[in-house]
Amino acid sequence: MSEPVIMTVDDDPQVCNAIERDLRRQYRPDYRIFKATSGREALNAAEALKQRNDTVALFLADQRMPEMTGVEFLGQAVEIFPEAKRVLLTAYADTEAAIKAINDVALDYYLLKPWDPPDEKLYPVVTDLLGDWQAAYQPVFEGIRVVGNQWAPASHQVKEFLARNNIPYLWLDVEMSDEARQLIEGTGTTRPELPCLFFPDGSVLSKPDNREIAQRAGLQTIADRPLYDLIIVGAGPAGLAAAVYGASEGLRTLVVERQAAGGQAGTSSRIENYLGFPAGLSGAELARRAVTQARRFGAEILTAQEVVGLEADGPTRMVRLSDGNELHCRAAVIATGVSYRQLQAEGVQRLSGAGVYYGAAMGEGESVRGKDVYIVGGANSAGQAAMYFSRFAKNVTMLVRGKSLSSTMSQYLIDQIGETGNISVCTETKVHEARGEDRLDELVLSLEGGRSTKTVPASGLFIFIGAVPHTEWLGDTVARDEHGFILSGPEAQVAAAQHASRDIPSHRVPRRSAGWLAASTTALEPPPSHTPYLLETSLPGVFVAGDVRHGSVKRVASAVGEGSMAVMYVHLYLNST
C-alpha cells in the first residue's frame, strides 16, 4: 500500500520549499509530501491521486494566492478527498478569513506565518490532526475499481470475468456511488462507455473485452513458444489435471482457456463430495489450487484466448487461436467442457445479464441481498447455487420441472436445502415468461404441468438446465455424436470406418484426418501403428477428457481422473511415433 499524501500549496517558491522541507523531515517515513505552487496545479494532482486510488491525509494551503485563495482551494479539494484534514497558512492580517473558513470549508486549523520553530508551532498541530485522521481512516481498496450500471449485461460480464479469475475488484454502481461519479468526472469524458475499469496505476479501460482486461491485470495471453509437446484446450478440472500431470512429467505444456480456469465447476459455490475435502471447497478454490500447481510444474496457461480451429499438420497438430496466431504441438487434449443450455421462455434472452444469468454468477451475490431470487434446475449445480444465494437473498425458490429432487440431486444437498429456512422448492414448475424493461422485475411461472400460471416479483433468475458441449469450433476435424459430444477410443475408430464407407453423415466425422484406416491417411503421415487409445479421438494424437467426451460421467472427480489418464495415453502416443 502506498503512503498517504500530505499536500502543501503556496505560490511563493521559497515558502513552498520551506514548508515541504519541514514536513518531509518529520513525516516522510509514513507520508508522501507533495508540493504545488498554485491551487489549480494542486487540484489536478489531487484528481490524479484519486484516479490512482491514492489518498490525501492533509491539505495545507496558503491563503494569499493570486489565482485561487487557500479557502477556495480547500473548498474544491475536499470534494475530491472529503476525509482529508484542512489547514490554512495565513498572515496575521488574514485571521478573519481563516476564522470564516472554519464554517465555510470546515477548516480544521489555521497556522500563522512564520511557523518557526516547527517543533513548537508546526509539528504539534500537524501530528495531532494526522492522528485524528488515522483514527477514522479506512484504507482504500487497492485493486481494480469497476464503475458501471448494476443491470447492464456488459457490467455483469466484466464482474464475472474478474471474479472467476480471482482478480480482486471493487464494484461501484454509477447510479448509487458518489465515488463512481467522481471517478467518471476525473476521466475528462462526459459520457464514457461503461463499464470503466480504474487500475491502481491510474490507467482506465472503457468497456473492455476479456482479453484487454487479462492483459492489463497481468494474466498471460500470448504463448512463449510456437511448438509444445502438449496443448490442452480448456482449463476446467479435466484440463487442469492434464496440465498438472503433463507438466510434472516433463512435457512442455500449454493450456488455452477462453474465459476462466475452473470451467463450469469453477462457478460452484460448494463442492462437498470431492475426495479428500471433508468440509468441502468452492469451485473457485479448487481451480485456484490447480492453477498454482500446474504453474509450479512449468505449465503455461493462456487466459481470454479462444481456440477456433484444430487440424493435422504432418507430424504435429496445429491449434489456431481467435487472434490469428497458430501454435503447434505433438499431441493435444480437448477438455472444453460444456455450458448451460439456453432456457426457451419469452423475455429470458432479452434480459440475459440484466437479472437473468446462466450458472451461479458468483459476482452477483451482493446485488440480490435481501431480495427474492429464483433458480431453474434440479441437479447438483442448481442445489449448490441455492445454498450460495441463501446467504444473500431474502428468499430462494428452486423451480424444478420434475416431481422431486431425489432422481437428479445428491442426498446431502437435498438435506441441506431442506434445513435452510429461506430456500423453497417448487416441483412441476417452469418459467413461462421473464418480464422487465431494463432489468428483470417479475416472472410468470407455469405450475402443475401447465395447468395454471402465477406471476411473482423477482430480482434474479439463475438457470441450470442441462448442458451442451463446446465443440462447434472443431468443425469436422474429429468425430462427434449427434449432440456434439466427442467420440473416443473404439467409438472413434468405428466412426472413421463408417465414414470411409459413407455410412453416416459427413458433418459428424472427420473430413480429412489421418484416420485409423490406411485409405484415410495423408502422404505426410503414415497410418497409425496402434488402435485408438481409450481417450483418443478420431484424429490420432488428439485426446478428449471430461464432460465434453461422449459417455462421460458429469462429475468433477471423473473429469480430474480423465485429465490425468489422457496424459498417460499422450505418452504412449508420443512413444509410438
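Averaging the sequence gap over all C-alpha pairs within less than 8 Å and six or more residues apart, then dividing by the number of residues, gives the chain a relative contact order of 10 percent.
Taking the Cα atoms of the range 1-157, the ratio Rg/Rh between the radius of gyration and the Kirkwood radius comes to 1.02. Amide H to amide H, with H built 1.01 Å from N, ILE144 comes under 5 Å of LEU170, counting only residues 5 or more places away or on other chains. Per residue, the convex hull spanned by the Cα atoms of the range 138-247 amounts to 146 cubic angstrom.
Restriction of the trypsin sites (Lys or Arg not before Pro) in the range 444-499 to DSSP coil positions whose beta-carbon has at most 12 other beta-carbons within 10 angstrom yields ARG451. The solvent-accessible area of ARG288, taken with every protein chain present and a 1.4 Å probe, is close to 100 Å². In this structure the amide hydrogen of GLY280, modeled in the peptide plane, comes within under 5 Å of no amide hydrogen from residues 5 or more places off or on another chain.
Taken one residue at a time, the phi angles of the range 473-488 give Karplus couplings (6.51, -1.76, 1.60, θ = phi - 60°) of 6, 7, x, 10, 5, 10, 6, 10, 7, 5, 9, x, 6, 7, 7, 8 Hz. Gly and Pro are set to x. Could you list which residues have their amide H under 5 Å from that of ALA467, counting only those 5 or more apart in sequence or on another chain, with H placed in the peptide plane? Excluding prolines and chain starts, which carry no amide H, the hits are ARG341. The 3J(HN,Hα) values that the Karplus relation (6.51, -1.76, 1.60; θ = phi - 60°) gives for the range 276-283 are, in residue order, x, 10, x, 8, x, 7, 6, x Hz. Gly and Pro appear as x. Once the 1.4 Å probe is applied to the protein heavy atoms, the range 54-161 comes out at 46 Å² accessible per residue. Magnitude of the charge dipole for the range 286-371, about its Cα centre and with charges confined to Cβ atoms of Lys, Arg (+1) and Asp, Glu (-1), is about 440 debye. Checking (i) 32.9; (ii) 29.8; (iii) 26.8 against the coordinates, the calculated mean projected area of the Cα convex hull in nm² falls under label (i). Surface composition of the chain: carbon plus sulfur atoms contribute 49% of the solvent-accessible area (1.4 Å probe, protein chains only, all chains present). For the range 228-363, the convex hull drawn through the C-alpha positions has a volume of 132 cubic angstrom per residue. Evaluating 6.51 cos²θ - 1.76 cosθ + 1.60 at θ = phi - 60° for every residue in the range 304-317, the Karplus couplings come out as 6, 10, 10, 7, 10, x, 8, 7, 6, 9, x, x, 10, 10 Hz, glycine and proline recorded as x.
Straight Cα distances below 29 angstrom link LYS85 to the lysines LYS35, LYS50, LYS100, LYS113, LYS121, with same-chain residues fewer than 8 positions distant left out.
Dipole check for the chain: with +1 at the C-beta of Lys and Arg, -1 at the C-beta of Asp and Glu, and the Cα centre as origin, the magnitude is about 1960 Debye.
The values are calculated or read from the model by the stated rules, or taken from the named source; none is laboratory data. Just so it is clear, the model here is predicted, and its values are computed rather than measured. No Cβ is skipped: glycine too gets one built from the backbone with ideal geometry, and neighbour counts run over all protein chains shown. Remember, those area values only see protein heavy atoms, side chains included, never the ligands or the DNA or RNA. Shrake-Rupley method; radii C 1.70, N 1.55, O 1.52, S 1.80 Å.
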